[in-house]
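In what follows, a structure is listed as structure tokens, so that the remarks can point back to it.
The values are calculated or read from the model by the stated rules, or taken from the named source; none is laboratory data. Worth saying up front: this structure is predicted, and the values here are computed from it rather than measured. Every residue, glycine among them, receives a Cβ derived from its backbone with ideal geometry; neighbour counts consider all protein chains shown.
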Amino acid sequence: MRLAPLLLLLAAHPLAAQFRLPKPRVPNPLDRAATSGPRAPTYDDRVLEITQPRITAFLRGLQAERQARPGLEAGYKQNADDRAAAQVAIRRRGDQAAQVNGCMMAAAGMDTVAERKLSERVRAAEDRGDEATVARLRDSVMNAAMADGGRRALAMAQAYQPCLAQFNAASSAVPAPPPEPGLPLADSLHVLGAQAAGLTPDQYTLMQERVLGYLNSDEDQLRRGRGWAFSAGELDVLHAHKRELQPYQTMLADH
């Protein structure tokens, strides 16, 4: 009856205590993220893989932007100054046109003094009741107007010549305003840099964003798959050119 003590022993201890099965270990997601490698990005016709030739071309584009900026800034400023000067000249031309009108009015009134004196003589004769003198004066005025109409018109045209010459000189001095640039300065620099890098503007923009993301991040965290998505090969290329890229970090942030 040796089985009795064994049965009593089994009854005294639960089954879980008799058979110690290994407890499954649930992996910590943080541990998994910490030990995983870089996250591979998805490449397409806009997001290009950062390779050695492409980073060299990208640096060429950044250098082209930096070199062209002073000249373009000066050109944009000159354009703005020229357009402002043209607007001032146009307003001044309006003032000069008013002056020319005054000149022509003065020229048109060159016989006004004589006409006023004649009117005074007619009025004086009327006040005296000298109808014969009034009729004679009026007839003389009418006859002079009929006889000298052409000569007076010629005299008026000659009197207008200085006024017209003044207006023509003012008109020729007004420069035509230059056209406003089709792109803002920053966009022009961006297009220039993209062309120098051999990339489309969209490709150049996204590479700028990714390179800036790399420069602003902890590379060790990137290699652990945290933050921006870079392949291991891209991180190696960026690391190799980090010192060349860092001087452009502020310029990239301003884009």
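Worth pointing out:
- Some residue of segment 192-212 being over 14 Å from Gln52 (Cα atoms), of a type in the set (Ser, Thr, Tyr) and not in a loop (DSSP other than H, G, I, E, B): yes
- Among the residues of segment 213-234, those identified as farther than 15 Å from Ile50 by Cα and small (Gly, Ala, Ser) are Ser217, Gly225, Gly227.
- Among the residues of segment 65-89, just one is at pLDDT below 95, acidic (Asp, Glu) and surrounded by 13 or more Cβ atoms within 10 Å (Cβ to Cβ), namely Asp82.
- Yes/no for Leu222 being among the aliphatic types (A, V, I, L, M), farther than 17 Å from Gln63 by Cβ and at pLDDT 90 or above: yes
- Residues being loosely packed, with under 14 Cβ neighbours inside 10 Å, at pLDDT 95 or above and in contact with a His (Cβ under 9 Å, 6 or more places away or on another chain) - total across segment 171-208: 1
- Residues of segment 174-195 satisfying the condition of being hydrophobic (A, V, I, L, M, F, W, C) and under 16 Å from Gln78 (Cα atoms): Ala176, Leu183, Leu185
- Selection count where residues are in a loop (DSSP other than H, G, I, E, B) and in contact with a Leu (Cβ under 9 Å, 6 or more places away or on another chain), scope segment 223-238: 3
- Of all the criteria given as (1) touching a Phe, Trp or Tyr at 6+ places or on another chain (Cβ under 6 Å); (2) surrounded by 16 or more Cβ atoms within 10 Å (Cβ to Cβ), the one not satisfied by Arg224 is (1).
- Among the residues of segment 201-226, those identified as small (Gly, Ala, Ser) and either within 28 Å of the chain's Cα centre (by Cα) or over 16 Å from Thr42 (Cβ atoms) (or both) are Gly213, Ser217.
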